[in-house]
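S.K.: Sharing a structure with you now.
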Amino acid sequence: MTFMNISPGYEVPLPGRGNRPDQVHVFDADMIDAIDAALAAQRPLLVRGEPGIGKSQLAKAAAKHLGRVFLSHVVDARTESTDLLWHYDAVARLADAQLIGALGEQGRPLREHLSVEHYLRPGPLWWAFNWADAAEQAKQIQANEPLRDCDPSAPLQPDPKRGSVLLIDEIDKAESDVPNGLLEALGSGEFTPPGRAAPVMAETGTPPPLVVITTNNERSLPDAFIRRCLVLRLELPEDAQALQQFLFERGKRHFPNIGDGVLQAAGERLLGDRRHAKENRQFPLPGQAEYLDLVRAVTTLESTAERQIERLQQLARYAFRKHPDAPK
């Protein structure tokens, strides 16, 4: 049995949003196996790797291939663990309490609305665990459903009954109390919001969610948190020739009409700048994302392969040399 039911090399087109260019995600064997394992074990998939290697894109591509709703939450330094579970609107509750106090006896019928449950907005994990319950809770507080990052060309949005994929992006940006605060929910597959007697858990008849959590390895994560996850490492090849070939193949997938010489020249330039940055400990290293950005820039600006290669040498420093101490 396999959930992904695809072979290595399978690609999923990802239409850009707004004015962003379209993308394509290419699945390799490790990605397929890791997602299958996470779905079978009903555990989150922690994806490690340097910035720009495709960690977030993996979650989007998995959602599209599986026909699931895609939800995402980008973590930052201000994120708290409850942000992923629920949002308690204490300000609105205080305002209602003051209004009821001013109304006196006339406000007595409204006192029941001061229950904490009436001021809870479902967070991403709530929607992922039980879409129907989250929708009912959102209806009670007149909140909108979360935006779904779906293919705008599709005639219908994915049915939540088919399950969801939740991306928790860059969890290493937060303090350790954030992953620690998610231990119960991720470990048991349920959590109990304040003011609620029954826990939020997977809806009967709906596949458990695939939770993909990414980290750039900028900060270590608690051992107890890692134990509750399966871990996939996305890494660029260390060998120069293998990396050159990897970049060339990715370039061909993204820009099938571009000449080989442009892709090879961009790869050679990246290898040199990446080697210099690594030797001088100038992180983050230029990688796949920067390579694709440079190729997209020069092929947009120039129409011939000869001019594209010339322009590439002019523009490469802007794409590859981002560290303050990098040579100009």
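Laboratory data are not the source of any read-out in this text; all were calculated from the coordinates shown. A quick note: this is a predicted structure, and the numbers were derived from the prediction, not measured. No Cβ is skipped: glycine too gets one built from the backbone with ideal geometry, and neighbour counts run over all protein chains shown.
S.K.: Between HIS323 and LYS161, with labels modelled 7 Å along Cα→Cβ, what's the label distance in nm to one decimal, could you check?
M.R.: Between HIS323 and LYS161, the label points sit 5.4 nm apart.
S.K.: Mind pulling the angle between the C-alpha long axis of helix 90-103 and the longest principal axis of the chain? Nearest 10 degrees, somewhere in 0 to 90.
M.R.: Helix 90-103 and the main axis of the chain meet at about 30 degrees.
S.K.: Beyond 26 Å between alpha-carbons counts as too far, so tell me which of LYS173/LYS322; LYS55/LYS278; LYS55/LYS322; LYS64/LYS278; LYS60/LYS173; LYS252/LYS328 fall in that bin. List each step's numbers first, then the result.
M.R.: Details: LYS173/LYS322 20 Å; LYS55/LYS278 21 Å; LYS55/LYS322 21 Å; LYS64/LYS278 35 Å; LYS60/LYS173 20 Å; LYS252/LYS328 29 Å.
Cα-Cα > 26 Å for LYS64/LYS278; LYS252/LYS328; rest within.
S.K.: Now, a different point. Taking a temperature of 37 °C and a viscosity of 0.692 mPa s, what whole-number D in µm²/s does Stokes-Einstein yield for the range 240-320 with Rh from Kirkwood over alpha carbon pairs?
M.R.: On the way: Rh = 12.5 Å.
Calculated translational D: 263 µm²/s.
S.K.: Right, another one. Compute the angle between helix 55-66 and the longest alpha-carbon principal axis of the chain, please, reported from 0 to 90 degrees and rounded to the nearest 10.
M.R.: Between helix and principal axis, roughly 70 degrees.
S.K.: Using 0.36 nm times the number of residues separating ASP30 and GLU136, minus their current alpha carbon distance, what extension gain do you get?
M.R.: Additional length available on full extension: 34.4 nm.
S.K.: Next question, about the same structure. Taking 30 Å as R0, compute the FRET efficiency from the Cβ-Cβ separation of MET1 and ARG275 and round it to 0.05.
M.R.: Numbers: r = 44 Å, r/R0 = 1.45.
After rounding, the FRET efficiency stands at 0.10.
S.K.: Continuing with the same structure: With charges set only on the Cβ (+1 for Lys and Arg, -1 for Asp and Glu), what does the dipole of the range 240-320 come to about its Cα centre, in debye to the nearest 20? Don't jump to the answer; show the numbers that get you there.
M.R.: Values: 12 positive and 10 negative charges, 48 e Å.
My answer is approximately 240 debye.
S.K.: Can you sort ASP293, ASP22 from fewest to most other Cβ atoms within 10 Å of each residue's own Cβ? List each step's numbers first, then the result.
M.R.: Details: ASP293 18, ASP22 10.
Placing the least packed residue first, the sequence is ASP22, ASP293.
S.K.: For the chain, give the share of DSSP beta bridges that are antiparallel, in percent and rounded to the nearest 5; count only bridges with both residues there. Show your work: numbers first, answer last.
M.R.: On the way: 9 of 27 bridges.
The antiparallel fraction comes to roughly 35 percent.
S.K.: I've got another one for you. Which ordering of THR2, THR299 is given by a fewest-first count of other beta-carbon atoms within 10 Å? It would help to have the intermediate numbers written out before the result.
M.R.: Numbers: THR2 11, THR299 20.
Listing THR2, THR299 from fewest to most nearby Cβ atoms yields THR2, THR299.
S.K.: Per residue of the range 309-324, in order, report the coupling 6.51 cos²θ - 1.76 cosθ + 1.60 (Karplus, θ = phi - 60°) as ³J(HN,Hα) in whole Hz, putting x for Gly and Pro.
M.R.: Listing the rounded values in order: 5, 4, 5, 4, 5, 6, 9, 4, 5, 6, 8, 9, 10, 9, 6, x Hz.
S.K.: Which residues among the range 177-198 fall inside the zone where the amide N is under 12 Å from a point 7 Å beyond the Cα of ILE226, along Cα→Cβ?
M.R.: none
S.K.: Rounded if a/c is under 1.5, else prolate if a/b beats b/c, else oblate: with a ≥ b ≥ c from the C-alpha gyration tensor eigenvalues square-rooted, which is the chain?
M.R.: Working: a/c = 2.19, a/b = 2.01, b/c = 1.09.
Prolate.
S.K.: Of TYR318, ALA297, PHE255, which is farthest towards the positive pole of the range 240-320's charge dipole, taken about the Cα centre with +1 and -1 on the beta-carbons of Lys, Arg and Asp, Glu respectively?
M.R.: TYR318
S.K.: Round to the nearest 10 and give me the degree value, 0 to 90, for the angle of helix 240-254's Cα axis relative to the longest principal axis of the chain.
M.R.: For 240-254 against the chain, the angle is about 60 degrees.
S.K.: Hey, fewest Cβ within 10 Å first, where do LEU292, LEU183 land in order? Don't jump to the answer; show the numbers that get you there.
M.R.: Working: LEU292 21, LEU183 15.
Sorted ascending by nearby Cβ count, the order is LEU183, LEU292.
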